[in-house]
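Data block below; observations after.
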Amino acid sequence: MSLVSIYGTVYNNAYMIEKSLESLMQALPNFEENYELVIVDNYSTDGTWEKLLKMRHTIKNVKLLRYKCSRGKGR
């Protein structure tokens, strides 16, 4: 089966990032086999990046990127 990429940008979303990713994984069948998650952080200052770094050890197929950018480069 083909791998589907899901992409998102984040900035200062520490208060909800964990619940959002857990919800996404529960909603998609066979998440680890069929999907990859690409998240671009725009140098959050509230701990979002640190939470993502911890979560990448429990979520397979996740790619984390960090760009200081406007919407154009991040997307």
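Below, the figures for the structure above:
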| read-out | value |
| --- | --- |
| Value of relative contact order over the chain, rounded to a whole percent, pairs C-alpha under 8 Å and six or more apart | 38 percent |
| Carbon/sulfur fraction of accessible area - the chain, other protein chains in place, 1.4 Å, % | 51 percent |
| Measure of compaction for the chain (Cα Rg per 2.2 N^0.38 Å) | 1.08 |
| Those chymotrypsin sites (Phe, Trp or Tyr not before Pro) in the stretch 1-40 that DSSP places in a loop and that have at most 12 other beta carbons within 10 Å | 15 |
| Charge dipole (the chain, unit charges on Cβ, about Cα centre) - positive-most of 69, 48, 9 | 69 |
| Simple Cβ-charge dipole of the chain, Lys/Arg +1 and Asp/Glu -1, about Cα centre, in debye nearest 20 | 360 debye |
| Helix-only CD estimate at 222 nm, as mean residue ellipticity for the chain, using -39500 (n - 2.57) per DSSP H run (n ≥ 4) | -9000 deg cm²/dmol |
| Length added when fully stretched, residue 45-residue 24, from 0.36 nm per residue minus Cα-Cα | 5.2 nm |
| Candidate aspartates and glutamates - alpha carbon under 13 Å from residue 68, same-chain residues fewer than 8 apart omitted | 41 |
| Per-residue ³J(HN,Hα) for the stretch 15-27, Karplus 6.51 cos²θ - 1.76 cosθ + 1.60, θ = phi - 60°, Hz, x for Gly and Pro | 5, 9, 4, 5, 5, 5, 5, 4, 4, 4, 5, 6, 6 |
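The values are calculated or read from the model by the stated rules, or taken from the named source; none is laboratory data. Because the structure is predicted, anything quoted here is derived from the model rather than measured. All Cβ positions, glycine included, derive from the backbone under ideal geometry; neighbour counts span all protein chains shown. Quick note on the areas: whole protein, heavy atoms, side chains included, nothing else; ligands and nucleic acids left out. Shrake-Rupley method; radii C 1.70, N 1.55, O 1.52, S 1.80 Å.
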